[in-house]
Amino acid sequence: MGDWIYRNRLTLLLTCIAAYYLLQVSNGLWVDDFWDHSAAVSALMRDLIHPRHAQLAIDQPFVFFTPYSLLVACVARILGLSSIEALALFGLFNGALLVVGLRRYIRAMGIEDVQGVLFYGILCILFLWGGGRWDYSGFFHVGILKFVLPYPSAFATGLALLGLALNRSAAAPRFSLHRLAVLAILTIVMLTHPVAFVFMVVGLFADTITRSRRRWEAILETLILVFSAVAISLLWPYYPFIRLSLGAANVYHAFNEAMYVNLFGATWPVIVLLPFAGRLWTDAGNRTMVVTAILLLGLYFAAGIVQKYSYGR
């Protein structure tokens, strides 16, 4: 029996997570940003082409009109669901996307025991926290899982992991279908959740730095890829991406200052394990992940210094 449980530990864990999510969803309790996302989906369901502002019911753009909200609205209309039901359903889809993206990312890094690493990785994501965990979108600890899985952040993070995995297999032709797919994913992630976009961009540059022999040429190619995604994003008709990029989104920095409060208290289990990360440097795949972590940590402290807290999130 014990041997069967060990062999099927990943399936059992994912089944428990899905059951826990469905049990939590069944009580119909939703909070905070969920209602903004629900309002955005409802507005798009009423008019997919020219939706009115989801909160004010006026002809103005709304920043929550993302590719994700558009996808949820389309599915809701096809299946005859309400915006709340559709978002709850997409919580399961986003959870599966996160698992698939993480699995592909682990495999792309050349790690042999994909199932084992995925199993313990999910456990760490859910439970390896100290006190005062952050209850924000983009975090997937067990205390907030039910609320954040339907959010665009879960969708965008899963896509970002898939994009990073795909980028590992796109080392050959410069304009291959793989590269175009990475560009499409990068653009969708940018328009859906900028925090996940920052993570993906850092991951792309870490991969470029650690893998390519033609380092400066590869860095230039990655820069072109990122700027191409930005240029395409300017064409998004549902909200003015250029205005957000030039400062209209600064209002969100104050809300994200909480990311710089109780850092050690919330993350001390990971901090204690950091000295062991040096051993990962000997493997090329692990080296990419270590550089990604270093760059993200540097970005976190730099954003805190200049008080652009959203970039450190």
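As a check on your grasp of the helix formula, calculate [θ] at 222 nm for the chain: sum -39500 (n - 2.57) over DSSP H runs of n ≥ 4, divide by the residue count, round to the nearest 500.
Numbers: 16 runs with 210 residues, N = 313.
The helix-only estimate for the chain comes to -21500 deg cm²/dmol at 222 nm.
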So with the 1.4 Å probe, I'd like the accessible area per residue for the range 1-137, rounded to whole Å².
55 Å²
Here the membrane-span-like helices of the chain, with no claim about any membrane, defined by DSSP H, Cα axial extent at least 30 Å and mean Kyte-Doolittle at least 0.0, are 83-108, 284-305
Take the solvent-accessible surface of the protein heavy atoms, probe 1.4 Å, and return the percent of it on the range 99-179 that carbon and sulfur atoms account for.
64 percent
Can you compute the charge dipole magnitude of the chain about its Cα centre, using +1 on each Lys and Arg Cβ and -1 on each Asp and Glu Cβ, nothing else charged? Give it in debye, rounded to the nearest 20.
740 debye
Give me the net charge of Tyr151's neighbourhood, meaning all other residues with Cβ under 15 Å from the Cβ of Tyr151; Lys, Arg count +1, Asp, Glu -1.
-2
Taking the Cβ of Ser38 as the center, what net charge do the other residues with Cβ under 12 Å away carry, scoring Lys and Arg +1 and Asp and Glu -1?
-4
Where Trp216, Trp4, Trp129 fall by accessible area, highest first, once all protein chains stay in place (1.4 Å):
Trp216, Trp4, Trp129
Packing-ranked peptide list from 64-70, 264-270, 114-120, highest mean Cβ count within 10 angstrom first, is 64-70, 114-120, 264-270
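The values are calculated or read from the model by the stated rules, or taken from the named source; none is laboratory data. These figures come from a predicted structure and were not determined experimentally. With ideal geometry, Cβ positions are generated from the backbone for all residues, glycine too; neighbour counts draw on all protein chains shown. When the accessible area is computed, the model is the full protein with side chains, heavy atoms only, and any ligands, DNA or RNA have been set aside. Shrake-Rupley method; radii C 1.70, N 1.55, O 1.52, S 1.80 Å.
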